[in-house]
Amino acid sequence: MLPITRQLLGLIIVASLNGCSSFATQPNTGSTATDDGAQSPRAHSLPDTTSSAACPAIDPPTCPPPPAGQHNKPVIGEIERVEVSPPGITLNARIDTGATTTSINAVNIEPFERDGRKWVRFELLDDQQRSHALERRLERTVLIKRHGDESQQRFVVKLQLSLAGITRAVEVSLTDRSEFEYNLLIGRNLLRDTYAVDVSYRYHQSDESER
């Protein structure tokens with residue numbers, strides 16, 4: 001094997017470090033002329049080779065998640081108009097992603113039995129404070145622990161709620177919300193997998209005349 005000069009060795013190392021660079025040597029022409037005119041073999045030529053190192057893998061660009069609404073979910077704001085059936089009334093509702101269960105302002109709540117099953121009788125108040133009497137089968141009761149106050153037992157019934165053209169029957173807890181601005185609080189049991197919430201909006205799914 002012919003000796004490799006220090007200069008040629010340096011070129012090989014540089015080409016290897018470049019990763020994507022190709023390194024090629026010139027083909028051997030057979031001989032070179034010396035000062036006395038004699039022909040002598042070329043001492044520093046290498047066979048014709050072309051090597052191309054594989055380029056390093058480039059990670060694909062990461063795109064930000066699509067804005068709300070691009071997952072085929074309607075976008076709703078922090079306040080929306082929601083229809084409650086029965087009794088077929090529409091209420092201003094506060095959207096609360098931190099609440100587990102939807103709750104509604106109810107008064108005169110009275111449990112009773114019908115055909116051996118537990119029911120509950122109550123009245124809902126619309127935004128004009130008009131009363132609407134209802135009787136619904138009791139789904140369950142929940143015990144709400146309140147900081148610095150007595151625990152409160154709440155009755156849970158199923159109601160149909162319509163928002164942004166979607167109607168779902170969900171569990172709603174009956175509670176006194178007279179001290180709150182909104183009679184209806186929408187929790188995650190209605191929002192999950194159905195809506196995208198953008199709190200910068202108010203009444204995003206409501207016509208101006210409905211507000």
Q) What nm distance separates the two modelled labels at residue 90 and residue 107, each placed 7 Å from Cα along Cα→Cβ? A) 2.4 nm
Q | Inter-label distance, nm, simple model (7 Å from Cα along the C-beta direction), residue 150/residue 189 | A | 2.4 nm
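List the GluC sites (Glu not before Pro) within the stretch 110-158 that DSSP assigns to loop and that have no more than 10 neighbouring Cβ atoms inside 10 Å. Numbers along the way, then the final one.
Working: sites: 113, 123, 135, 139, 150; in loops: 139, 150.
Qualifying residues, ordered by number: 150.
How high is the FRET efficiency between residue 200 and residue 167 when r is their beta carbon distance and R₀ equals 35 Å, given to the nearest 0.05? Let's see the in-between values first.
Numbers: r = 26 Å, r/R0 = 0.74.
Once the sixth-power term is evaluated, E becomes 0.85.
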Q. Going 7 Å from the Cα of residue 117 in the Cα-to-Cβ direction, what parts of the stretch 150-168 have a backbone nitrogen less than 17 Å from that spot?
A. 156-160
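Since every read-out is calculated from the coordinates, none of them should be taken as a lab result. In this text, all values refer to a predicted model and were calculated from it rather than measured experimentally. In this analysis, Cβ positions are derived from the backbone assuming ideal geometry, glycine residues included, and neighbour counts consider all displayed protein chains.
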